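One structure is given below, encoded as structure tokens.
The values are calculated or read from the model by the stated rules, or taken from the named source; none is laboratory data. Small disclaimer: the values here were computed from a predicted structure and weren't measured. Cβ placement follows ideal geometry from the backbone for every residue including glycine, while neighbour counts extend to all protein chains displayed.
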Amino acid sequence: MSAQKGRDLLLKVDSDGLGTFTAVAGLRSHRLSFATGTADATHQLSPGQWRELLAGAGVRHASISGSGIFRDEPSDALVRQFFFDDVIRDWQVIVPDFGIVQGPFQITALEYAGEHEGALTFELSLESAGQLTFTAI
């Protein structure tokens, strides 16, 4: 696989709750991470007293974060309203030459910043709120 441009990673949200996905903003940096918890199954007879983990028992979750500029006022208003209404919506993260991760996420942080002579910027953090799907592309 050849190197990929970071700018090609795209974040979209189901803007109306009916499956209409809209690009959120002009994200300049993105991060998608997956993690799982562990279930410790260690007992007195564990070989060498090494920790043993129970496969498939941990809770999986994903996080998305990004920063950049909003594309326009409607995309800013949409994300801001989802945050203040505590709405959980389906989001898509499109990673070129890899796939699409889709599922429910909740906005857990929304930060704004700006320089006197620069554009208003924002930082966004999302946490998975249900089962995610992956579709290879």
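Observations
- For the range 87-125, the set of residues classified as surrounded by fewer than 18 Cβ atoms within 10 Å (Cβ to Cβ) and of a type in the set (Asp, Glu) consists of Asp97, Glu111, Glu115, Glu117, Glu123, listed by residue number.
- If you go through the range 23-76 and keep only what is at pLDDT 90 or above, β-branched (Val, Ile, Thr) and in contact with a strand residue (DSSP E or B) (Cβ under 6 Å, 6 or more places away or on another chain), you end up with Thr36, Thr38, Ile64.
- Among residues of the range 58-83, those that are over 20 Å from Gly118 (Cα atoms), under 17 Å from the mean Cα position of the chain (by Cα) and not hydroxyl-bearing (Ser, Thr, Tyr), counted: 10
- Residue count for the range 16-39, restricted to those that are in a strand (DSSP E or B), under 17 Å from Gln92 (Cβ atoms) and not polar (S, T, N, Q): 8
- Screening Trp91 with (1) over 24 Å from Ala119 (Cβ atoms); (2) touching a residue at least 24 places away in the same chain (Cβ under 8 Å) gives one miss only, at (1).
- For Ala55, the requirement of being over 12 Å from the mean Cα position of the chain (by Cα), outside any strand (DSSP E or B), aliphatic (A, V, I, L, M) and surrounded by 11 or more Cβ atoms within 10 Å (Cβ to Cβ) is not met.
- In the range 50-67, the residues that are of a type in the set (Asp, Glu) reach residues that are outside any strand (DSSP E or B) and at pLDDT 90 or above with C-beta atoms within less than 8 angstrom, at least six apart or across chains, in these pairs: Glu52/Ala41; Glu52/Thr42; Glu52/His43; Glu52/Ser46.
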